[in-house]
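Remarks on the structure that follows.
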Amino acid sequence: MDYEISLLTTIAISVLFALSLNLITGFCGQISLGHAAFLGVGAYTSAMLSQAGWPFLATLPVAMLLAAALGCIVGLASLRVRADFLAVTTMGVGFLFIGVVRQQEWLGGEMGLSGFPGSGLDKPAFLALALGLAVLTALLCLYIRRTWMGRVFGGIAEDEDTMRVLGIDVPRYKLAAFAIGTALAGLAGALYAQHFKFIGPDSFGFVESVTVLSMVVVGGIGSVFWVAVAAALLSALPGWFQFIGDYKLLVYGGLLFLMMRFAPGGLAGIVQSWRKPKPAAASAPAGAVAKGVQP
Amino acid sequence: MLFFELLAQSLVQGCIYALIALGLTLVYGLLRILHVAHAALFTLGAYLGVLVYNASGSLLLAFAVAMALSGLGGVAMFRLAYQPLLARPPYVALIASIGLYIAAEEVFRIVFGASGLSFAQPPLQAQVAIGGLQFKEAELAVMVSSAIIIGLLGWLQTRTRIGIACQATVSDPQMAESFGIRLNTVRDLNFLVGSALAGFAGVWVAILNNLVEPTMGSVPSYKALAIIVLGGLGSVRGTLLAALVLGLIESFGTTYIGQLMDRNAIAFAFLILVLMMRPQGLFARR
């Protein structure tokens, strides 16, 4: 039973984390290849505060705030650069984060942090907390999509310049997407640190950023339900099939490639094309980052 | 003296970066794809170099095989992976490329083992003194051969019909096609040349470090993306300059602010700083 509870907690945290990236990349169309950095900020903040004697629950808002503050700075970058440039910039942010953390003795350096005080919750209660927060996040995402802000996000993802012409304050909405998305990533990070009881620079590297991006992409960029499903599946996969444990990255990489090559709409796109056998207009992936390749 | 040692070191590093980044720039200029999987061909070249040299003892043969097979691998990648994705939004190809690279890295690990391979007798390791500085023969050879190859490429680009066809395709594909240039031939050729260069760089890195590992491509791969962005995406001259500048920044940065952040972080901090001030890249003419 312990194992199942632990696995379910991992799944809940992954779902929360994937949804946070979906808000930025899926809803608002801003690609991020360094999202694990914000998971890291949340995790380190929560762990350090716990070590200083704070109760776990009180560290959550601080973790979210710090992650969001950093997210806003990266969001400012997204106002300067677009598409491919943004992808490389956010990748750089990820490398910068682990590169700096690695050299900081007070953050545990290369060895990472462990042995910080627990949350005071027993395992089932912690699972309930993680699950509750994941469900709340999903509801929040669904709510945001129905608001004015959510519609503007969709518009920015489709065609940023048109939104500007329509007189919409695009920078403000982009920053909002980054702030909310990264705050949620910080929350996931705080849970992550408490759940695994160990964090190090390598827990938040490029591979983790790509993993979470693959959850969003495999689910279907922009779809809350299918991204949650994909996050749950992909985070549970190595546990179910112990034998692929060693080949986990091969499966991730292969899946990512095959998905993009044959079904760029992800699970959501596949389901949609089953429902509507004629994929004439429906085959375009929701929330495309930019218009097609220049011929 | 430290200054000159760092300078020499950064030149060697810059040459390697330039060789890798050139292929990426060619691909980006032509297809607007950030080709992360390019580094898989660099790793492939390094492995082939070690295997062929250990088997035959001929460095020339090792380079020839590595470049030929990396080049063909690049063409295969284009045909199988990128060509069907050209009509999709660019992030599709980028993510597919990352997936391809991660999978390739794992294939190298599974086939050749995680601990990597080395030369039985590493070539070109003798020390040479030039003006009080100690160089390995291999380091000098990297600089000389990179300069020759890049010069040759520049000559091909500007002086031959096929090079001009490539340039025409980069600046206006539709117009080029209507003048009778076969787009797919040009694309194949670019992948062939760019990937062969990556294989070439791979063999040099294998010789310099006397070690090839499955993960050896990951840092150059992301670094090369930073370089082509710094160079202004798609500009060959900008890429070469950016490669040398990044080599300098890294070597001096690690010496002077190494306790603050590691080598990769210095490179990317520089990238972010530059992009915030010049979003079009360091050397873009715009």
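Nothing in this text is a laboratory measurement; each read-out follows from the coordinates by a stated rule. Please read all numbers here as calculations on a predicted model, not as lab measurements. Note: ideal-geometry Cβ built from the backbone for every residue, glycine included; neighbour counts use all protein chains shown.
What percent do you get for the relative contact order of chain B when only Cα pairs under 8 Å and 6+ apart count?
It comes to 36 percent, rounded to a whole number.
Under the definition of partner shielding as Cβ atoms of other protein chains within 10 Å of a residue Cβ, what is the mean value for peptide B:274-281?
3
Mind checking the mean number of beta-carbon atoms from other chains within 10 Å of the Cβ atoms in A:247-255?
Counting Cβ atoms of other protein chains within 10 Å of each residue's Cβ and averaging gives 5.
Taking B:LYS136 as the anchor, which aspartates and glutamates have their alpha carbon closer than 18 Å to its alpha carbon, excluding any fewer than eight residues away along the same chain?
Of all the aspartates and glutamates, those that pass the test against B:LYS136 - Cα under 18 Å, at least 8 places apart if same chain - are B:GLU5.
Please identify the helices of chain A, taking whole runs of DSSP H, that span at least 18 Å along their own axis as judged from the Cα atoms and have a mean Kyte-Doolittle score of -1.0 or higher.
Qualifying helices: A:2-21, A:36-51, A:56-80, A:83-102, A:123-146, A:170-196, A:206-219, A:224-240, A:248-262.
Which residues in segment A:83-123 have a backbone N closer than 14 Å to a point placed 7 Å from the Cα of B:GLN259 along the Cα-to-Cβ line?
Only A:103-106 pass the distance filter.
Which net charge results when you count Lys and Arg as +1 and Asp and Glu as -1 among the other residues whose beta-carbon is under 15 Å from that of B:GLY194?
+2
In deg cm²/dmol, rounded to 500, what helix-only [θ] at 222 nm does chain B give when every DSSP H run of at least 4 residues adds -39500 (n - 2.57) and the total is split over its residues?
Counting only the DSSP helices, I get -25000 deg cm²/dmol.
In Å³ and rounded to a whole number, note down the convex hull volume per residue for the Cα atoms of segment A:2-209.
Spread over its residues, the Cα hull of segment A:2-209 gives 108 Å³ apiece.
Gap in Å between the Cα centre of segment B:9-62 and the Cα centre of segment B:85-140?
So the separation of the two Cα centres works out to 7 Å.
Can you give me the Rg/Rh ratio for the protein assembly as shown, using Cα atoms for both radii and the Kirkwood formula for Rh?
In the protein assembly as shown, Rg relative to Rh is 0.97.
In terms of the ratio Rg/(2.2 N^0.38 Å) built on C-alpha atoms, what value belongs to chain B?
After normalising by residue count via 2.2 N^0.38 Å, the value is 0.99.
How many Cβ atoms of partner chains, on average, are near each residue of A:77-89 if near means within 10 Å of its Cβ?
Across A:77-89, the average partner-chain Cβ count within 10 Å equals 6.
Once you keep just the Cα pairs under 8 angstrom separated by 6 or more residues, what percentage relative contact order results for segment A:2-209?
The normalised contact order for segment A:2-209 reaches 47 percent.
Tally Lys and Arg at +1 and Asp and Glu at -1 over the other residues with C-beta under 11 Å from the C-beta of B:LEU72: what net charge comes out?
Taking every Cβ under 11 Å from that of B:LEU72, the sum is 0.
Take the Cα atoms of segment A:1-112, build their convex hull, and give its volume per residue in Å³.
Given the Cα convex hull of segment A:1-112, per-residue volume reads 124 Å³.
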